[in-house]
Amino acid sequence: QTADQNTKILRGRLLSFSAVARGPEDTSAYSYEEDGALLVRDGKIVAKGVFSEIRDAAPETAEITDHRPHLILPGFIDTHIHFPQAEIIASWADQLLDWLNDYTFPTELKFENKAHGKRIAGEFYDALIAHGTTTAVAYCSSHPNSVDAYFEEAETRGMLMLGGKTMMDRNAPEALCDTAQSSYDDSKALLAKWHGRGRAHYVITPRFAITSTPEQLEAAGTLLKEQPDCHLQTHINENHNEIAFTRELYPDAGHYLGVYESFGLLGPRTLLGHCIHMTGHEMQVMRETGSVAVFCPTSNLFLGSGLFDKAGMESAGIPTAIATDVGGGTSYSMLRTLDEGYKILQLQRQRMHPLTSFYWVTLGNANALSMSDRIGTLEPGTDADLVVLDAKATPPMALRMETVETLSEELFILQTLGDDRAVAETYVAGERQKTG
Ligand code: GUN
Ligand code: ZN
């Protein structure tokens with residue numbers, strides 16, 4: 001293929017964000033082009049603008065794909081998901097700790113077998129693509145095998161994915177437990193193998209304080225010190241029984257976050273799942289360290305965990321991200337996730353505007369990952385990971401759209417009524433994944 005034949009034009013209604021909208025009328029926070037186009041070459045966005053101008057400047061051989069009247073946005077980013085839990089999504093359980101013991105740990109045990117990991121990885125990535133998610137941050141199981149299965153599948157599909165081996169050395173079935181030393185050795189080897197290979201990013205992944213001895217959290221801190229450009233992910237303050245058990249296991253820590261703080265696990269590349277039941281002091285430590293609070297709405301409702309305080313986080317100056325948390329979460333869809341998140345915020349009289357919602361699942365999450373130089377935007381030079389959205393995907397949506405006049409209304413319908421049916425196409429590095 002010559003460079004010209006390799007160049008494509010994607011035509012559609014372009015929408016991308018540059019900041020959090022300060023209100024419904026804040027048009028400076030986003031860029032919208034009614035008849036827009038992206039020029040894509042070698043997996044990257046080369047130019048963005050009005051269709052006629054892009055076409056005139058492009059090589060004549062450039063193939064044109066017309067997605068009108070659909071919207072073209074940066075692909076969705078899911079900042080917290082469990083790859084080995086794909087088989088137990090929608091399991092009837094009590095709250096967090098019972099759900100972990102009854103369903104989660106047994107299913108994660110199966111990932112000792114590489115072939116199982118490979119099969120679930122295929123299904124998992126199919127689900128992400130179907131739902132318009134082009135980047136995710138995942139927990140693999142404690143088996144190094146599962147990390148290989150996860151990144152091998154991402155590599156085949158050309159996807160920018162983050163993830164790591166779950167470190168866990170107590171309070172779980174023995175066959176799922178590693179040791180402080182083996183978790184350090186295995187994580188280090190996987191990190192050396194995968195981090196920066198193609199689009200892969202390794203994430204240091206101690207599950208949470210309950211399933212880690214102090215020695216293991218120390219090992220996680222050592223890994224992070226050795227590799228400061230890696231992310232670290234864990235869970236915190238999701239559930240009252242979890243918090244009480246953590247206090248018993250770490251009686252000397254003044255508060256839950258203090259456990260992670262004392263082992264050097266906090267910083268701007270640290271993603272803390274849930275952050276629901278936070279003390280004022282913990283909020284202050286979050287802000288001082290720049291650690292990211294990850295909101296998982298469908299999971300928090302499904303497991304009866306509690307209500308995330310977005311406004312509280314933001315007024316405290318804490319960066320936030322939003323995520324599905326499948327299989328505690330009940331949908332792969334970032335649209336369903338926004339809808340449930342909206343309702344959680346409504347209960348606290350924190351109404352989220354649709355411009356804020358769609359900022360959050362694109363640029364907002366990219367910012368939370370410190371990756372907005374590559375993903376979450378439609379800016380030239382960034383990766384051509386895209387989602388194409390159809391707000392009339394179902395009859396009820398089409399009916400509702402008959403009376404819609406503004407972009408914000410359309411976005412709100414996509415968020416409230418949409419799911420994978422509203423995802424007309426997903427592009428990974430410039431390649432069509434759904435219908436191509
Ligand atoms: N806390 C520790 N492990 C998990 C998990 O797998 N899911 C959720 N939601 N919370 C956790
Ligand atoms: Zn989780």
Practice task
Select, from THR289, THR382, THR356, THR337, the only residue that is within 16 Å of ligand 2 (Cβ to nearest atom), of a type in the set (Ser, Thr, Tyr) and on the phi < 0 side of the Ramachandran plot.
Solution key: THR337
Practice task
With the condition kept exactly as written, say whether any residue in segment 398-411 is in contact (Cβ under 8 Å) with a residue 24 or more places away in the chain, closer than 29 Å to VAL40 by Cα, crowded, with 20+ Cβ neighbours inside 10 Å and not small (Gly, Ala, Ser).
Solution key: yes
Fill in the blank from the handout: Per the list (1) surrounded by fewer than 19 Cβ atoms within 10 Å (Cβ to Cβ); (2) within 16 Å of ligand 2 (Cβ to nearest atom); (3) among the charged types (D, E, K, R), residue check on ASP325 breaks on (1)
Practice task
State yes or no: is PHE111 touching a residue at least 12 places away in the same chain (Cβ under 8 Å), assigned to a helix (DSSP H, G or I) and either more than 23 Å from SER212 (Cα to Cα) or of a type in the set (Val, Ile, Thr) (or both)?
Solution key: no
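Every residue, every condition in (1) within 16 Å of ligand 2 (Cβ to nearest atom); (2) touching a Phe, Trp or Tyr at 6+ places or on another chain (Cβ under 8 Å), yes or no:
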residue: TYR332; (1), (2): yes, no
residue: THR362; (1), (2): no, yes
residue: ALA368; (1), (2): yes, no
residue: VAL388; (1), (2): no, yes
residue: MET397; (1), (2): no, no
residue: ARG400; (1), (2): no, no
Practice task
Among residues belonging to segment 239-276 that are charged (D, E, K, R) and more than 18 Å from the chain's Cα centre (by Cα), point out the one that is farthest from ligand 1 (Cβ to nearest atom).
Solution key: ASP252
Handout entry: Evaluation of GLY436 against (1) at pLDDT below 95; (2) buried (at least 22 other Cβ atoms within 10 Å of the Cβ) (one fails), failing number
Key = (2)
Practice task
Check segment 179-193 and report whether any residue there is in the same structural domain as GLN85 (by TED's automatic domain parsing), in a helix (DSSP H, G or I) and touching a residue at least 60 places away in the same chain (Cβ under 8 Å).
Solution key: no
Handout entry: Residue check, ALA115 small (Gly, Ala, Ser) and within 22 Å of ARG336 (Cα to Cα)
Key = no
Practice task
Name every residue in segment 266-286 that is without any contact (Cβ under 8 Å) to a residue 60 or more places away in the chain and more than 16 Å from ligand 2 (Cβ to nearest atom), in order of residue number.
Solution key: LEU266, GLY267, MET278, THR279, GLY280, HIS281, GLU282, MET283, GLN284, VAL285, MET286
Handout entry: Tally, over segment 161-176, of residues that are part of a loop (DSSP other than H, G, I, E, B) and crowded, with 19+ Cβ neighbours inside 10 Å
Key = 5
Practice task
Find the residue count for segment 15-45, including only residues that are touching a Phe, Trp or Tyr at 6+ places or on another chain (Cβ under 9 Å) and not in a helix (DSSP H, G or I).
Solution key: 14
Practice task
Taking ARG197 as meeting all but one of (1) surrounded by 18 or more Cβ atoms within 10 Å (Cβ to Cβ); (2) in contact (Cβ under 8 Å) with a residue 40 or more places away in the chain, write down the number of the exception.
Solution key: (1)
Exercise for the section: Working only within segment 142-184, note down all residues that are touching a Ser or Thr at 6+ places or on another chain (Cβ under 6 Å) and of a type in the set (D, E, K, R). Expected result: LYS165, ASP169, ARG170, ASP178
Problem - Failed item in (1) more than 18 Å from ILE204 (Cβ to Cβ); (2) in contact with a helix residue (DSSP H, G or I) (Cβ under 6 Å, 6 or more places away or on another chain), with ARG287 passing the rest - result: (2)
Completion exercise
Subset of segment 237-278, residues closer than 28 Å to ASP94 by Cβ, in a loop (DSSP other than H, G, I, E, B) and among the small types (Gly, Ala, Ser), comes to ALA253
Completion exercise
Note on segment 64-93: residues within 12 Å of ligand 1 (Cβ to nearest atom) and either of a type in the set (Phe, Trp, Tyr) or assigned to a strand (DSSP E or B) (or both) are HIS80, ILE81, HIS82, PHE83
Problem - Residues that are over 19 Å from the mean Cα position of the chain (by Cα) and buried (at least 24 other Cβ atoms within 10 Å of the Cβ), drawn from segment 283-302 - result: MET286
Problem - Residue in segment 206-223 that is part of a strand (DSSP E or B), touching a residue at least 24 places away in the same chain (Cβ under 8 Å) and not hydrophobic (A, V, I, L, M, F, W, C) present - result: yes
Exercise for the section: Kindly indicate which of GLU226, GLU215 is among the acidic types (Asp, Glu), within 23 Å of GLY254 (Cβ to Cβ), assigned by TED's automatic domain parsing to the domain that holds SER262 and surrounded by fewer than 24 Cβ atoms within 10 Å (Cβ to Cβ). Expected result: GLU215
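The values are calculated or read from the model by the stated rules, or taken from the named source; none is laboratory data. Please read all numbers here as calculations on a predicted model, not as lab measurements. Cβ atoms come from the backbone with ideal geometry, glycine included; neighbour counts cover every protein chain shown.
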